[in-house]
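The values are calculated or read from the model by the stated rules, or taken from the named source; none is laboratory data. Given the structure is predicted, the values throughout are model-derived calculations rather than measurements. When we count neighbours, we look across all protein chains shown, and the Cβ atoms used for this are built from the backbone with ideal geometry, even at glycine.
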Amino acid sequence: MKFQRSAPRVLIFSVAVVVIGMAVLSNRLFSGLTSAVEQDQFELIRALWSFNLTAAENRALERAEMIAALPAVREAFAARDREGLLAQCAEMFKRQKERYGVDQAQFHFPPAVSFLRLHAPEQHGDHQDQFRPMVVAVNRDLFSRKESAIAGTGPAIFGVTPMTDAAGRHIGSFELGMNFGPLLHALKAAYRLEMALFIEEQALRQLMFAEGLDPDVLTEQNRRGKYIKFHSTNWALMKELVSEGDLSGPAEAQYIRSAQDVPYGVVLLTLYNNAGNPIGKVAMARDFSSSRAAAGRSLVWQGLLALSGIVLLAGVILIVVRGLLLRPLEMLSQQFVKLAEGRRDQPVAEAETLCDEMQALAQAHERLRTKPQPFAADTDKEVSP
Amino acid sequence: MRSRFLAGLVLSFALVVPGYAELAEAAAAAPPDSLRSLPVGKGLPVVVRMGLRYVEVASIDETEAAYTATVDLRLRWQDLRLQYPPESAPQGFLEFREETAAAKMAEIWTPAISLSNLSGEPSQQTHGLRIFPDGRVEMMLRTTATFETPFEVERFPFDRQRLQVEVVSRRESVQRLSLEFEQDDLDFSRAPDSSELRDWAPGVVSLKRDFVNGWYGEDLSGVTVSLAMQRRAGSSAALIFIPLLASLLIPLLAIWMNRVEEGEFQIEAFELANVIVGGLFAVIALNFTLNAEYGTLGTSDNTVRRLFALNYLALALSLIVNLTLFRFNLPMRWFGRYVQEQVFLFLSWAVPLLVLATAVAFLLVAMA
């Protein structure tokens with residue numbers, strides 16, 4: 001082992017290991033902070049959806065209960081006067097549809113027989129107890145319910161309330177469905193969320209609701225595996241963020257993915273109807289570029305600081321070990337070699353600049369160099385037998 | 001004849017107001033039952049859906065923070081008073097263009113919408129109008145003009161700029177007129193099909209709803225449309241970064257060119273100081289040139305400014321090395337010739353390494 005090479009190497013290697021270790025640890029801590037911030041963002045997105053969906057359900061139910069409580073409406077429904085009921089409600093429904101996203105409204109006889117669809121007055125008399133369990137439940141239990149479900153013209157947020165006649169006898173129910181579109185756009189406007197609603201295609205087709213749907217919905221461009229994109233605030237973006245694999249995954253998922261060169265945090269939630277059966281998924285995405293860029297910048301700066309630390313400490317090691325110890329030692333060794341060779345004419349130069357320990361060696365060299373030499377004959381005598 | 005004159009007058013007024021391309025609208029003066037009053041048939045606020053397509057982006061002027069483009073603004077609303085029998089329009093709608101559109105617009109209500117970030121007057125502006133039997137109105141406005149837009153160059157040359165068009169309701173508060181957009185408006189809002197700009201690659205168009213402060217504390221509805229433009233980093237690399245990185249070598253050369261034997265430097269300090277002073281002038285000249293060519297780079301924190309700062313720092317460091325080591329031999333006086341020798345050997349590789357690592361870090365931070 002040559003100390004001149006090995007010692008600085010060992011020291012610099014140790015410094016490098018410690019500094020890199022600390023940099024990695026520091027980066028992990030910062031990444032943890034970034035992840036915590038992003039996790040909060042994911043939780044916020046979930047909470048926003050849950051709160052606004054519940055609010056929309058409440059609005060649907062409030063409207064349904066107000067309409068169902070109107071005496072003229074109750075009277076016409078109790079009298080099974082379809083024309084009279086339509087006359088009472090048509091203008092109201094038209095305005096609600098145009099301005100507030102109300103998409104569907106329907107009167108049912110128990111258990112779930114359509115009496116009048118305000119959104120399609122010509123269709124009535126069909127039994128819906130197979131696919132509208134909530135209507136059946138409301139007419140059975142006689143209290144109001146709300147849910148997200150697939151019905152007439154597609155998925156909607158429903159409020160269903162039982163109806164009674166003037167004497168208080170149960171006569172059926174009234175449901176009001178609100179389109180998901182305004183909800184998604186309101187969330188986008190308020191929170192800059194990009195959103196997409198995916199509905200299981202089989203459910204749409206099996207129930208033959210497609211006749212009430214916009215035919216543009218059931219197209220190949222909107223298909224994502226078994227799901228159909230029913231509504232989106234920005235489909236060009238969302239189709240990059242949500243793949244078939246993502247939709248076929250767990251009921252709830254969150255991930256970060258780049259689309260159009262911007263990283264987005266995506267939350268996928270399953271939509272359930274009142275019976276607990278999944279009807280589709282909603283995808284929500286938020287721009288995560290600020291946190292991702294901060295993490296990237298932090299990684300670069302930490303790497304540069306670590307490198308600077310290693311280089312500066314390596315410099316200190318090299319200057320101290322070589323400049324104060326090894327190079328003076330090498331010089332003194334050469335001086336002692338010269339002395340051993342009998343060359344006494346060269347003193348140690350600038351000995352006062354050496355460290356104390358080296359100065360002691362230099363002084364020893366100087367004493368040896370200046371010590372008077374015995375005669376050669378005396379020496380020969382002592383050596384010769 | 002009279003209606004044409006009136007339409008021309010209204011359009012002329014809209015076009016001469018600097019900074020705004022306000023559409024003809026006379027609702028404020030119109031009686032409530034007039035076709036030019038606010039269409040409240042569907043209640044308030046009147047929802048005007050809008051989309052904006054970038055037809056062409058002709059040029060981008062970073063120094064002036066502006067760009068010249070041709071855009072199509074599409075506005076759609078429903079005015080129930082304009083309903084007519086479908087048989088009257090075999091193609092499904094009544095269409096008006098240019099003068100006839102202007103004449104029709106003078107007869108009916110149209111939203112008072114401005115492109116509020118116009119720089120000067122539009123060089124060209126044309127109108128089109130379609131009215132559907134159910135009262136839906138679709139108005140197209142093609143505008144060729146220079147638009148002011150904010151430039152953020154912190155990530156230069158890997159930056160992405162947003163070429164904005166700010167669409168604002170000029171008169172009606174958000175309680176009376178709401179600018180909105182849905183999926184088909186987003187589908188309409190597209191980037192140019194092709195771009196003549198060599199240094200920029202067009203991306204996607206995004207829309208964002210805004211509120212603008214109006215008179216008496218009212219909020220006005222607005223939508224900011226942005227076309228993302230990704231800068232092609234390659235072209236600026238040759239113009240800016242090669243000279244900048246090359247100039248970084250000058251102070252390093254002033255250290256490298258010297259050599260040490262037994263702690264004694266072999267080249268006179270003043271010769272190396274000349275190299276440093278020459279480097280200083282080179283960096284100053286480069287700085288002036290870039291500030292003149294890319295004004296925005298000189299006004300905010302960005303990679304180029306950081307690299308200039310690094311250049312000056314490297315020159316200062318080199319000067320300190322020159323003075324303390326080569327001229328006054330301070331390490332040798334204080335700690336001996338061997339310490340000085342090791343300090344020089346250390347600096348001759350550590351300074352270039354740290355300077356180049358910092359330069360690379362600046363670029364990586366811009367890419368992050």
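Of all residues in the range A:265-320, which are part of a strand (DSSP E or B) and of a type in the set (Lys, Arg)? Once the filter is applied, which keeps residues that are part of a strand (DSSP E or B) and of a type in the set (Lys, Arg), the range A:265-320 yields A:Lys281, A:Arg286. Does A:Ser333 fit the bill of being surrounded by fewer than 19 Cβ atoms within 10 Å (Cβ to Cβ) and at the interface with chain B (Cβ under 10 Å from one of its Cβ atoms)? Against the criterion (surrounded by fewer than 19 Cβ atoms within 10 Å (Cβ to Cβ) and at the interface with chain B (Cβ under 10 Å from one of its Cβ atoms)), A:Ser333 does not qualify. Given the options A:Arg292, A:Arg297, A:Arg327, name the one that is under 30 Å from B:Val355 (Cβ atoms), within 14 Å of chain B (Cβ to nearest Cβ), charged (D, E, K, R) and surrounded by 20 or more Cβ atoms within 10 Å (Cβ to Cβ). The conditions single out A:Arg327. Within the range A:158-197, the set of residues being among the small types (Gly, Ala, Ser) and either part of a helix (DSSP H, G or I) or away from chain B (no Cβ under 11 Å) (or both) comprises A:Gly159, A:Ala166, A:Ala167, A:Gly168, A:Gly172, A:Ser173, A:Gly177, A:Gly181, A:Ala186, A:Ala189, A:Ala190.
Here is a yes/no grid of residues against (1) in contact (Cβ under 8 Å) with a residue 24 or more places away in the chain; (2) part of a helix (DSSP H, G or I); (3) over 22 Å from the mean Cα position of the chain (by Cα); (4) over 30 Å from B:Ser178 (Cβ atoms):
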{"residue": "B:Gly234", "(1), (2), (3), (4)": "no, yes, no, yes"}
{"residue": "B:Ile242", "(1), (2), (3), (4)": "no, yes, yes, yes"}
{"residue": "B:Ile267", "(1), (2), (3), (4)": "yes, no, yes, yes"}
{"residue": "B:Val275", "(1), (2), (3), (4)": "yes, yes, yes, yes"}
{"residue": "B:Gly279", "(1), (2), (3), (4)": "yes, yes, yes, yes"}
{"residue": "B:Leu286", "(1), (2), (3), (4)": "yes, yes, yes, yes"}
{"residue": "B:Leu290", "(1), (2), (3), (4)": "yes, yes, no, yes"}
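Can A:Gly245 be described as loosely packed, with under 15 Cβ neighbours inside 10 Å, within 15 Å of A:Tyr227 (Cβ to Cβ) and out of contact with any Leu (no Cβ under 7 Å at 6 or more places or on another chain)? Answer is yes for this residue.
Yes/no matrix, rows are residues, columns are (1) within 14 Å of another protein chain (Cβ to nearest Cβ); (2) touching a Leu at 6+ places or on another chain (Cβ under 7 Å); (3) within 21 Å of B:Ser195 (Cβ to Cβ):
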| site | (1), (2), (3) |
| --- | --- |
| B:Ser34 | no, no, no |
| B:Leu38 | no, no, no |
| B:Leu52 | no, yes, yes |
| B:Glu56 | no, no, yes |
| B:Thr68 | no, no, yes |
| B:Phe93 | no, no, no |
| B:Phe96 | no, yes, no |
| B:Glu99 | no, no, no |
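Taking the criterion of being part of a strand (DSSP E or B) and acidic (Asp, Glu), the residues of the range B:166-197 that qualify are B:Glu166, B:Glu172, B:Glu180. Evaluate the range A:355-369: report whether one residue or more is in contact with a Pro (Cβ under 8 Å, 6 or more places away or on another chain), at pLDDT 90 or above, of a type in the set (A, V, I, L, M, F, W, C) and not in a loop (DSSP other than H, G, I, E, B). There is no residue in the range A:355-369 that is in contact with a Pro (Cβ under 8 Å, 6 or more places away or on another chain), at pLDDT 90 or above, of a type in the set (A, V, I, L, M, F, W, C) and not in a loop (DSSP other than H, G, I, E, B).
Condition test on B:Arg209, is it in a loop (DSSP other than H, G, I, E, B) and either within 13 Å of another protein chain (Cβ to nearest Cβ) or touching an Asp or Glu at 6+ places or on another chain (Cβ under 8 Å) (or both)? Judged against the criteria, B:Arg209 is not a match. Within the range A:300-322, if we keep just the residues that are within 18 Å of A:Gly21 (Cα to Cα) and more than 9 Å from every other protein chain (Cβ to nearest Cβ), the residue that is nearest to the chain's Cα centre (by Cα) turns out to be A:Gln302. Could we say that B:Ser178 is within 14 Å of chain A (Cβ to nearest Cβ) and on the phi < 0 side of the Ramachandran plot here? When the stated conditions are applied, B:Ser178 passes them.
Among what's in the range A:169-208 and is more than 24 Å from A:Leu268 (Cα to Cα) and at pLDDT below 90, pick the residue that is surrounded by the most Cβ atoms within 10 Å (Cβ to Cβ). Looking at the filtered set, the residue picked out is A:Leu207.
Going by the structure shown, is A:Ala149 in a strand (DSSP E or B), of a type in the set (Gly, Ala, Ser) and touching a residue at least 24 places away in the same chain (Cβ under 8 Å)? Spelling it out, A:Ala149 is indeed in a strand (DSSP E or B), of a type in the set (Gly, Ala, Ser) and touching a residue at least 24 places away in the same chain (Cβ under 8 Å). Just one of the numbered conditions (1) in contact with a Ser or Thr (Cβ under 9 Å, 6 or more places away or on another chain); (2) within 30 Å of A:Leu332 (Cβ to Cβ) is not true of B:Gln266: (1). Within the set A:Ser35, A:Ser14, A:Ser26, the sole residue that is farther than 20 Å from A:Ser308 by Cα and surrounded by fewer than 17 Cβ atoms within 10 Å (Cβ to Cβ) turns out to be A:Ser35. Residues in the range B:198-222 that are over 23 Å from the mean Cα position of the chain (by Cα) and without any contact (Cβ under 8 Å) to a residue 40 or more places away in the chain: B:Trp215, B:Tyr216, B:Gly217. From the list B:Leu345, B:Leu323, B:Leu353, the lone residue that is at the interface with chain A (Cβ under 8 Å from one of its Cβ atoms), in a helix (DSSP H, G or I), surrounded by fewer than 18 Cβ atoms within 10 Å (Cβ to Cβ) and more than 41 Å from the chain's Cα centre (by Cα) is B:Leu345. All told, A:Arg140 falls short of being farther than 17 Å from A:Glu83 by Cα, among the basic types (Lys, Arg) and touching a residue at least 60 places away in the same chain (Cβ under 8 Å).
The residue that is nearest to A:Leu183 (Cα to Cα), counting only those in the range A:229-257 that are away from chain B (no Cβ under 14 Å) and of a type in the set (S, T, N, Q), is A:Gln254. Scanning the range B:326-338 for residues that are free of Cβ contacts under 8 Å to residues at least 24 places away in the same chain and facing another protein chain (nearest Cβ under 7 Å) turns up just one, B:Phe335. Evaluate the range B:134-152: report whether one residue or more is in contact with a helix residue (DSSP H, G or I) (Cβ under 7 Å, 6 or more places away or on another chain), under 23 Å from B:Glu62 (Cα atoms) and surrounded by 17 or more Cβ atoms within 10 Å (Cβ to Cβ). Within the range B:134-152, one or more residues are in contact with a helix residue (DSSP H, G or I) (Cβ under 7 Å, 6 or more places away or on another chain), under 23 Å from B:Glu62 (Cα atoms) and surrounded by 17 or more Cβ atoms within 10 Å (Cβ to Cβ). Out of the residues in the range A:258-286 meeting the condition of being of a type in the set (D, E, K, R) and touching a strand residue (DSSP E or B) at 6+ places or on another chain (Cβ under 6 Å), tell me which one is nearest to the other protein chains (Cβ to nearest Cβ). Result: A:Arg286.
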